[in-house]
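Q: Got a structure for you, written out below as structure tokens; questions coming shortly.
The values are calculated or read from the model by the stated rules, or taken from the named source; none is laboratory data. Values in this document were obtained by computation on a predicted structure and should not be read as measured data. Methodologically, a virtual Cβ is constructed for each residue, glycine included, from the backbone with ideal geometry; neighbour enumeration extends over all protein chains shown. For accessibility, only protein heavy atoms count, side chains too; no ligands or nucleic acids. Shrake-Rupley method; radii C 1.70, N 1.55, O 1.52, S 1.80 Å.
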Amino acid sequence: MRGNFQNQKTNFNTFDKRVTLKQNFFLLLVLIISTSGLLGQEASKADHPFIAQWGGSGPGKGQLWNPFGIAVDRSGKVYVADYANDRIEVFDSDGHYVTQWGTKGTGSDQFHHALGVVVDSKGYVYVADTLNSRIKKYTSQGELVTIWGEQGENPGQLFNPALLTLGLKGILVVADCSNNRVEEFTPDGVYAGQVGEGGDGPGQFSMPTGTATDSQGNIYVTDTNHHRVEEFGPMGRFLTQWGRHGSGEGEFDTPEGVAVDGQGTIYVVDSGNNRIQVFTSSGAYLDQWGTEGEGNGQFNAPAGIALDGAGRVYVTDWGNDRVEKFGP
């Protein structure tokens, strides 16, 4: 797990603590797995074959440290929110390093543990600067365009924004994690509405982390602490939900990233179960791949997910400090 996200409003350092907690926890897991002889096995299914991986622990160019959000632009470039290195790194579709920007801090050109990244059709890059509770918009070369947001609970304010996506008409859909809601903004940062609220019932959240939209404008949210996915209509009306805590088909342990392909198929990063699960648009289980480990196609607490135009799947493998790429 990535730690308990409860009591966020009384603990501003929870996301920082996740790094240390995760490292200690997964060190123990790796020791257990290695004694059982599972490390190094190929784990992805034939219908989502493993293609490549890149990264590796460290602060150097092309290295990663707890990567979280991931996005792919129309040209195939891959953008990674390199969470613990406080930067965005850019790679080509084969994993070759292209560029990076950002350092740790509160300045206009800095990040404090950015979790989310998404790219629009014009090539603008939006980043959830998580512990600074703001959204930053860049050109594809990393030139800052604008910043918005501040810590708070009022409309348009944010508290530890996590993953983000783009909806109809370029509306930015942000998982406002510690406020237990989803907020929407125009591409220039004008507040455009809210989806959901804190609570345990339908349409409510406890630490939402991931957002995705389909071609009809429906919004899918990973309700992380409730171990479920919730679906809302384009106007924010609750439609349905699926999942519960567990390890069976259609069950989740700390779901985080979510993505939707052109046919409306939904891919969910089932982080605590070290797998990707696939569903229909109504939540019917279809498929899964991934097991726990360090080998090709295995995961150590995967986090973010993105699809390119050809249906290839990119996953940030948080605990293994890498990106993995799979076939459609």
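Q: For the range 175-200, enumerate the residues that are within 21 Å of P234 (Cβ to Cβ), part of a loop (DSSP other than H, G, I, E, B) and small (G, A, S).
A: G189, G196
The rows are residues; the columns are (1) surrounded by 18 or more Cβ atoms within 10 Å (Cβ to Cβ); (2) under 21 Å from E197 (Cα atoms).
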site	(1), (2)
S215	no, no
R228	yes, yes
G246	no, no
G257	yes, yes
V268	yes, no
N273	yes, no
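Q: Let me ask something else about it. Of everything in the range 213-255, what is part of a loop (DSSP other than H, G, I, E, B) and of a type in the set (S, T, N, Q)? Give them in sequence order. Reasoning before the result, please.
A: Taking the range 213-255 and keeping what is part of a loop (DSSP other than H, G, I, E, B), we get 214-218, 227, 233-237, 243-244, 246-251, 253-254.
Those that are part of a loop (DSSP other than H, G, I, E, B) and of a type in the set (S, T, N, Q): S215, Q216, N218, S247, T254.
Q: Considering only residues that are in contact (Cβ under 8 Å) with a residue 40 or more places away in the chain and in contact with a Phe, Trp or Tyr (Cβ under 6 Å, 6 or more places away or on another chain), look in the range 198-213 and name the one that is surrounded by the most Cβ atoms within 10 Å (Cβ to Cβ).
A: Restricting attention to the range 198-213, the residues satisfying the condition of being in contact (Cβ under 8 Å) with a residue 40 or more places away in the chain are 206-213.
Pick out the ones that are also in contact with a Phe, Trp or Tyr (Cβ under 6 Å, 6 or more places away or on another chain) and you get 207, 212.
Working: M207: 24, A212: 28.
Within the range 198-213, the match that is surrounded by the most Cβ atoms within 10 Å (Cβ to Cβ) is A212.
Q: State the number of residues belonging to the range 153-174 that are within 19 Å of H112 (Cβ to Cβ) and modelled with pLDDT under 95.
A: Keep residues of the range 153-174 that are within 19 Å of H112 (Cβ to Cβ), which gives 157-164, 174.
With the extra rule that they be modelled with pLDDT under 95, the set shrinks to none.
Residues flagged as within 19 Å of H112 (Cβ to Cβ) and modelled with pLDDT under 95 within the range 153-174 amount to 0.
Q: Which one of V182, V195, V118, V190 is of a type in the set (V, I, T), at pLDDT 95 or above and open to solvent by 30 Å² or more (accessible area, probe 1.4 Å)? Explain how you work it out, then say what you get.
A: Values: V182 fails: open to solvent by 30 Å² or more (accessible area, probe 1.4 Å); V195 fails: open to solvent by 30 Å² or more (accessible area, probe 1.4 Å); V118 fails: open to solvent by 30 Å² or more (accessible area, probe 1.4 Å).
Going through V182, V195, V118, V190 in turn, just one is of a type in the set (V, I, T), at pLDDT 95 or above and open to solvent by 30 Å² or more (accessible area, probe 1.4 Å): V190.
Q: Hey, G297 hits all of (1) open to solvent by 10 Å² or more (accessible area, probe 1.4 Å); (2) touching a strand residue (DSSP E or B) at 6+ places or on another chain (Cβ under 8 Å); (3) modelled with pLDDT of 95 or more; (4) part of a loop (DSSP other than H, G, I, E, B) but one; which does it fall short on?
A: Every listed condition holds for G297 apart from (1).
Q: When the range 121-155 is examined, which residues are found to be farther than 21 Å from F91 by Cβ, small (G, A, S) and open to solvent by 20 Å² or more (accessible area, probe 1.4 Å)?
A: G149
Q: Same structure, new question: Quick check, is G37 at pLDDT 95 or above and out of contact with any His (no Cβ under 6 Å at 6 or more places or on another chain)? Spell out how you get there, then give the answer.
A: Details: at pLDDT 95 or above: no; out of contact with any His (no Cβ under 6 Å at 6 or more places or on another chain): yes.
So G37 fails the test.
Q: If you check every pair at least six apart or on different chains, which have Cβ atoms under 6 Å apart with a residue in the range 49-67 that is exposed (fewer than 13 other Cβ atoms within 10 Å of the Cβ) first and a residue that is polar (S, T, N, Q) second?
A: Going by the 6 Å Cβ cut-off, the qualifying pairs are P59/N85.
Q: Something else: Tell me yes or no: at least one residue of the range 134-152 is within 19 Å of V221 (Cα to Cα), part of a loop (DSSP other than H, G, I, E, B) and at pLDDT 95 or above.
A: First pass over the range 134-152, keeping only residues within 19 Å of V221 (Cα to Cα): 135.
Filter once more, so that each one left must be part of a loop (DSSP other than H, G, I, E, B): none.
Among the residues of the range 134-152, not one is within 19 Å of V221 (Cα to Cα), part of a loop (DSSP other than H, G, I, E, B) and at pLDDT 95 or above, which makes the answer no.
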